[in-house]
Amino acid sequence: MAEREVGVIGGASDYPGGNVLPKSPEDESSESPASQHSQDLKSILVTSVLNLEKLDVDLYRGTHHWVPRSQRLFGGQIVGQALVAAAKSVSDNLYAHSLHCYFVRTGDPKVPVLYQVDRIRDGRSFTVRSVRAIQHGQPILICQASFHMLQPSPLQHQFTMPVVPQPEDLLTGEELIRLYLSKPNLAEKFKQGLNKLLANEVPIEIKPVNPPHFYRLAATEPKTLFWVRARGYIGEGNMKLHCCVAAYVSDFAFLGTALLPYPDYRAQFSASLDHAMWFHTTFRSDEWMLYECESPWAGGSRGLVQGRLWRRDGVLAASCSQEGVLRVKPVTEPSKL
Ligand SMILES: CC(C)(COP(=O)(O)OP(=O)(O)OC[C@H]1O[C@@H](n2cnc3c(N)ncnc32)[C@H](O)[C@@H]1OP(=O)(O)O)[C@@H](O)C(=O)NCCC(=O)NCCSC(=O)CCCC(=O)O
């Protein structure tokens, strides 16, 4: 009989030695009743989305929490769940360092997703897994994930984190929408659109560094910066889990970066085609991380986006890349009369 596993990825604690995982304020005051309460409020991502049900050896079932308005399954959810399934088959001293995925079919929100793991190779330092996410008997995602044991090296460099306002000084996405809604003379169709955005129960919190133009009026550079974290408390827990949450988070509002220079067009059909990710070091996905996204290229009905997830202390935690199909149409349709 199917059993629901306790915890997302059993066993592994944080990286032993190596980089020190940043402590959260919640950890520091773990004796206070308030923090006990916050620890009870485990992230919905952990308790539901990434908590796969084991059906058999290397076979899991995942369910959905948030489904985008497109009624296509959220790509980040499928990638995050695939990584959970892959990570369950590797030993506790191995940590995801990269994944490469193709979204080959639209995910159907009406049925669960099965995750079938192939143990491709267990090497001395690296271990590779292949995961197929299946619905209606057909793959919707193929994912290769590679895991590595800790191997310190004197070679160490990274870009510098952009200087931006701290999350405490910025409004959340919801607060920005409410502020916008309070504007007098806002057209009814804008209000409806914004209220739909508010009703979106996304399990992640976002604080845009530059408040978005909800109805893009001017072309901007294809670059965005926002603080992001999982809703609720996850805790220092295990690093494999934080990688899975980051995989979920990293697909959110990512591809839209490629549309920023084109306010005169709106996406008629947009979907991620692939998603690649590299995990560089330890991080807490339930603490604010800066997501720096940019699109170096668009053409041929496709767009490329690249992202960097920064820890608050300036350490580069992960890098991502994605190509998506972008079919657009002019905002103002020519009259058919
Ligand atoms: C990408 C595709 C669609 C490719 O499959 P395909 O059979 O080659 O499909 P397709 O020919 O591209 O057709 C798709 C659709 O595009 C239409 N089309 C085709 N060519 C044109 C054209 N020239 N002009 C205008 N429309 C065109 C076709 O008629 C299809 O339309 P239809 O679905 O029939 O209404 C498929 O592989 C797929 O669906 N993969 C899954 C993609 C996915 O679900 N990704 C993850 C979700 S997206 C995401 O999570 C981003 C969220 C971002 C956020 O919310 O922030």
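The numbers here are math on the coordinates, done by the rules we state, and not lab data. Because the structure is predicted, anything quoted here is derived from the model rather than measured. All Cβ positions, glycine included, derive from the backbone under ideal geometry; neighbour counts span all protein chains shown.
Things to note:
- Summarised as an ellipsoid, segment 148-206 has semi-axes of 41, 16, 9 Å, derived from the eigenvalues of the Cα gyration tensor scaled by 5 and square-rooted, with the largest first.
- Panel values: segment 217-334, Kirkwood radius from alpha carbon pairs, Stokes-Einstein at 20 °C and 1.002 mPa s, translational diffusion coefficient 142 µm²/s.
- Among the trypsin sites (Lys or Arg not before Pro) within segment 190-239, those in coil by DSSP and having at most 16 neighbouring Cβ atoms inside 10 Å are 231.
- Among the trypsin sites (Lys or Arg not before Pro) in segment 261-337, those located in a DSSP loop and surrounded by at most 10 other Cβ atoms within 10 Å of their own Cβ are 336.
- The loop-placed GluC sites (Glu not before Pro) in segment 188-257, going by DSSP, that have at most 12 neighbouring Cβ atoms within 10 Å of their Cβ come out as 201.
- In segment 76-190, the inverse of the mean reciprocal separation of distinct Cα atoms equals 18.0 Å; this is its Kirkwood hydrodynamic radius.
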